[in-house]
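For reference, the structure is listed below as structure tokens.
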Amino acid sequence: MTQCTIDVDHIARVEGHGNVHVVVEGGQVKDVEMNIVEPIRLFESMVRGRSYRDVSYIASRVCGICSASHVVTDLKAIERIFGVELSQRTKMLRELLIYGSYLQNHGAHLFVFAAPDYLGETSIFPVSKSNPELFSQALDLKSLGNELCTMVGGRSIHPITAVIGGFTHEISSQEYLDLADKLESKVPFALETVDLFNGFDICDVASDNDYMALTQPGAYPVQASDTLTFVGSDESFDANDITDHISEYQVGHSAAFFARRTSTDRPYMTGALARINASWENLTPKAKVAAAKAGLRPPERNPLRNNVAQAVEIVDALERCAELCRELAEGDQKESLPRPFKVCAGSATGVTEAPRGTVAHQLVLDDKGVVQHASIITPTAQNLAAMESDIRKMATSLVAQGVTEDELVMDVEKMVRAYDPCLSCSVH
Amino acid sequence: MRNYCNNTSVNSVERACKPMPRVIVIGLASCFGCQLQITNRERYLTDVLGQIDLRYWRMTSSEPLPESYDVAVIEGAVTTQESVDLVKDVRAHAKAVITIGACANTAGIPGIAADNFDERVSQVYQDLPAAAGHVISPRSVPDVIDVDFQVLCCPIEFDRFVEVLGEALYESNRVKPTRTLCGDCKRNERTCLYNQGKICLGMVTSAGCGARCPSLGRECNGCAGISPDANLDSARSIVERYGLSVDEFDRKLEMFNQTNDVLHPQDENQEA
């Protein structure tokens with residue numbers, strides 16, 4: 001095959017609406033476009049003129065599956081402006097909430113979205129008959145993520161209890177202990193999941209792109225840090241300076257913005273693979289062993305290995321959350337009651353690691369706490385340019401190997417899904 | 001007649017050989033959270049799917065949109081001309097239309113942008129990309145087409161979805177309750193959040209969630225939409241009695257009801 005135009009309209013098994021367009025001419029890949037057609041909703045404009053009280057509630061609705069991350073990111077920005085110091089307990093609860101969304105997201109992405117590609121199915125539903133054990137265990141894992149989010153946040157998505165300075169509600173000590181047991185009981189299946197995804201045949205692609213993730217010495221941070229790092233050059237900066245380091249830009253073929261690293265003008269990836277490339281050393285013991293066994297070590301440059309990275313993160317999240325639950329069962333619940341604060345004018349950026357990658361919210365408030373300006377930088381908006389460049393690289397190599405058009409379509413879709421794009425987040 | 005049990009559908013859970021209602025699920029402008037809520041009760045999902053012939057659900061399967069179906073489930077607000085055309089087409093084909101979630105039912109959070117829409121577009125985009133389609137000021141689905149069944153709230157609750165899906169499949173004509181959330185909260189024996197100085201919208205918001213947010217110490221933000229039984233003036237006088245801001249109450253109500261005419265009585269008079 002030396003000549004073809006691929007148009008995958010409405011890529012299935014991703015969250016949101018997007019198309020991918022690849023043109024091959026004379027054996028060369030001429031064009032690759034991620035065409036994001038998700039309806040625009042204008043969140044940055046919606047929160048303008050509204051009180052700081054409403055912002056995290058509204059921002060949560062950027063995306064169902066990433067809702068916990070958007071809430072915590074927004075709360076962090078507001079707390080930076082007001083100078084609210086959080087208790088250790090509140091930080092632990094936020095960690096649990098975000099990890100709950102990791103289990104939900106990685107469970108749904110790996111099994112409902114990605115696995116059918118490698119199992120030769122169009123959806124996960126036939127797997128309920130062909131491999132009932134896998135189907136049931138996979139759903140249980142995702143279900144545990146929902147349970148964790150519900151226990152901590154009050155429901156499985158769009159958390160209710162997380163507010164400025166603390167939490168409005170907590171579960172009982174016994175419920176924390178029961179959760180810890182459940183989380184630990186899923187570790188064996190999570191380890192099998194790493195093996196399963198590591199066993200799938202994937203294209204050999206070595207990306208030229210950089211990686212960005214939240215970092216903290218000795219930790220694998222998902223929300224506790226305000227420092228971002230470009231892994232390639234080991235360059236770190238505070239979240240408040242994010243727009244000095246990355247630039248968002250518009251392209252005609254996408255309703256989502258694209259992003260590049262400003263100093264190099266190059267695309268970069270955020271997400272599980274970026275986090276593992278940045279903080280491999282700080283994975284939990286079982287997760288680190290699983291990663292090593294799967295040959296997943298930094299620098300891992302194949303974006304298709306993001307699936308394995310997510311599976312490793314499931315092991316990591318289960319171990320970490322079980323420990324957090326046991327600690328929370330011991331402590332004093334009064335510690336998480338929302339702390340008082342004084343409203344003041346200011347600007348700050350909140351940043352967290354959402355399941356799909358780094359998310360940043362910049363807020364400017366006036367002295368009454370009314371939003372003057374807001375900017376939301378989502379994981380997928382940051383990943384789109386990297387996705388296009390990796391698809392181009394992979395397609396170039398596949399065309400040279402003489403694959404059929406159908407095979408090329410399949411591999412392009414696998415690449416898009418491996419990035420775990422959240423298109424509803426990307427256009428917000 | 002086509003034999004639906006020889007299914008090529010995405011749902012191949014084994015069933016007795018009788019035609020099952022053909023269902024499609026469509027997502028418009030939304031966070032996809034309500035579709036997720038359907039998948040989020042894993043243990044019951046296959047039981048529910050076992051009773052329908054799921055013909056189209058882009059979030060979970062690569063099967064294309066079929067030409068005919070019985071029940072259409074719509075999530076999301078209508079924010080483009082393309083979506084207006086799509087929901088009209090769906091209405092023409094479906095025997096029953098179910099709207100799920102705040103975005104579809106009240107225009108929800110996307111509806112906030114309906115206030116001064118054109119200016120808002122330029123606040124975010126220098127040039128609106130062609131990929132955004134022909135954008136229009138956000139509308140709820142019932143503002144564009146007749147809707148037969150609704151599942152309210154942001155996000156929906158799985159149990160309510162199953163209940164309403166059952167009603168749609170078996171053509172229930174049960175009268176929908178219109179009471180407000182406040183009474184449900186009282187039955188939960190919770191202390192009123194107004195005593196803590198919090199502006200709660202439970203007095204005017206449709207019931208159905210079991211007063212979940214107030215039960216967890218968070219005020220109601222009105223995601224189920226204003227109830228047909230709501231007495232807004234009376235509610236405002238209560239807000240005042242607690243020494244809280246009526247303006248803030250009204251502002252808060254806009255969050256999920258921006259496109260609801262009851263919040264803009266003057267505009268109505270002008271039109272009349």
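Structure notes:
The rows are residues; the columns are (1) without any contact (Cβ under 8 Å) to a residue 12 or more places away in the chain; (2) under 20 Å from the mean Cα position of the chain (by Cα); (3) crowded, with 24+ Cβ neighbours inside 10 Å.
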residue: A:Arg261; (1), (2), (3): no, yes, no
residue: A:Gly271; (1), (2), (3): no, yes, yes
residue: A:Thr284; (1), (2), (3): no, yes, no
residue: A:Ala287; (1), (2), (3): no, yes, yes
residue: A:Gly295; (1), (2), (3): no, no, no
residue: A:Asn302; (1), (2), (3): no, yes, no
residue: A:Gln310; (1), (2), (3): no, yes, yes
residue: A:Glu319; (1), (2), (3): no, yes, no
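- The set of residues in region B:146-197 that are among the basic types (Lys, Arg) and surrounded by fewer than 17 Cβ atoms within 10 Å (Cβ to Cβ) comprises B:Arg174, B:Lys176, B:Arg179, B:Lys186, B:Arg187, B:Arg190.
- Figure legend. Inter-residue proximity from region A:364-385: first residues farther than 11 Å from A:His428 by Cβ, second residues outside any strand (DSSP E or B) and basic (Lys, Arg), beta-carbon distance below 8 Å, spacing 6+ or different chains. Indicated pairs: A:Gly369/A:Arg53; A:Val370/A:Arg50; A:Val371/A:Arg48; A:Val371/A:Arg50; A:Gln372/A:Arg48; A:His373/A:Arg48; A:Pro379/A:Arg356; A:Asn383/A:Arg356.
- In region B:205-229, of all residues being outside any loop (DSSP other than H, G, I, E, B) and of a type in the set (Ser, Thr, Tyr), the one that is nearest to the other protein chains (Cβ to nearest Cβ) corresponds to B:Ser215.
- A:Ser67 fulfils the conditions (1) surrounded by fewer than 24 Cβ atoms within 10 Å (Cβ to Cβ); (2) facing another protein chain (nearest Cβ under 8 Å); (3) among the polar types (S, T, N, Q) except for a single criterion, (1).
- The set of residues from region B:115-145 being among the small types (Gly, Ala, Ser), more than 7 Å from chain A (Cβ to nearest Cβ), crowded, with 17+ Cβ neighbours inside 10 Å and over 21 Å from B:Gly33 (Cα atoms) comprises just one member, B:Ser137.
- Single unsatisfied condition, B:Ile112 versus (1) within 15 Å of A:Val427 (Cα to Cα); (2) within 7 Å of chain A (Cβ to nearest Cβ): (1)
- Restricting A:Glu121, A:Glu170, A:Glu184 to residues that are within 14 Å of chain B (Cβ to nearest Cβ) and more than 22 Å from B:Leu45 (Cβ to Cβ) narrows the list to A:Glu170.
- The residue that is nearest to the other protein chains (Cβ to nearest Cβ), counting only those in region A:402-428 that are charged (D, E, K, R) and in a helix (DSSP H, G or I), is A:Glu413.
- When the helices (runs of 4 or more DSSP H) confined to region A:54-143 are screened for residues that are touching a strand residue (DSSP E or B) at 6+ places or on another chain (Cβ under 7 Å), those reaching at least 1 such residues are found at A:67-82, A:88-107.
- Looking across region B:52-73 at every residue that is within 13 Å of chain A (Cβ to nearest Cβ) and in contact with a strand residue (DSSP E or B) (Cβ under 6 Å, 6 or more places away or on another chain), the one that is farthest from B:Gln150 (Cα to Cα) is identified as B:Leu65.
- Set side by side, the residues A:Glu405, A:Glu388 differ, and just one is over 16 Å from A:Ile11 (Cα atoms) and either touching a residue at least 24 places away in the same chain (Cβ under 8 Å) or surrounded by 21 or more Cβ atoms within 10 Å (Cβ to Cβ) (or both), which is A:Glu405.
Every read-out reported here was derived from the displayed coordinates using simple, explicitly stated rules and does not represent laboratory data. In this text the structure is predicted, and so the values were computed from the model without any measurement. Glycine also receives a Cβ, built like all others from the backbone with ideal geometry; neighbour counts cover every protein chain displayed.
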